[in-house]
Amino acid sequence: MQQCARTGTAATVGGGGTRRGIRAAVAAGLAVSALATVSGCAFGRPKVDPFPTNFATPSSSTGYNPYSPTPSSSSYTPSYTYSPTPTEETFDPDGRSDVRGSGCDYSNSLHQFTYSVSITNPSRTSTFSYDMAVNWMKAKPADGTAYGLHQRSVVVAPGATETYTAQYSLPANNYQQFWFTCQITRAHKTKM
């Protein structure tokens, strides 16, 4: 209390207290600055490391700059190459995959085997001749016995289908019941 009374009196009388207050404030400011510098909190300019030398730089061959995402028109040119090549048709002399058969039958009154054969030429450009052979084979037992054979050559244009009926007649004898199958045993294909 006494100190407060003296400070008030000095300020009223001659202003000495004001000088002392300024000096105290300056001293306090210097003390805070010194304390901040010692503790590592200096207010000076911060230290900045230089740009690292081992930083990966963009490749100039790609023309891509990470700082400018739009590629440079002089260094980047998208290219698309499409050149369809004509495919050669594969030729297989075994033309059985081009042939379909249906209506395997035997007429008791005519003593005749029949079989409908359809040949489709898959080529778009080539005409083929098909050397055909149709066999009527014993089915029970299937011992490899042939009842009859029909042979014929058929010319088929590109992409066309030819159909014919293969026939084979048996001698006019009395036959008991028998089992048979129809088989396309040959369809040899030759380019015309």
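The values are calculated or read from the model by the stated rules, or taken from the named source; none is laboratory data. Just so it is clear, the model here is predicted, and its values are computed rather than measured. A quick note on method: Cβ atoms are made from the backbone with ideal geometry, for glycine too, and the neighbour counts reach across all protein chains shown. Calculation scope for accessible area: heavy atoms of the full protein, side chains included, ligands and nucleic acids excluded. Shrake-Rupley method; radii C 1.70, N 1.55, O 1.52, S 1.80 Å.
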(request) Can you give me the number of residues within region 132-153 that are open to solvent by 60 Å² or more (accessible area, probe 1.4 Å) and closer than 13 Å to ARG186 by Cα? (result) 4
(request) Select the strands (runs of 3 or more DSSP E) contained entirely in region 82-192, then report the ones holding at least 3 residues which are of a type in the set (A, V, I, L, M, F, W, C) and at pLDDT below 95. (result) none
(message) Cβ-Cβ under 6 Å, sequence separation 6+ or interchain: first residue in region 170-192 and more than 19 Å from THR145 (Cβ to Cβ), partner open to solvent by less than 90 Å² (accessible area, probe 1.4 Å) and hydroxyl-bearing (Ser, Thr, Tyr). Which pairs?
(response) ALA187/TYR130; LYS189/TYR130; THR190/SER129; LYS191/SER126; MET192/THR127; MET192/SER129
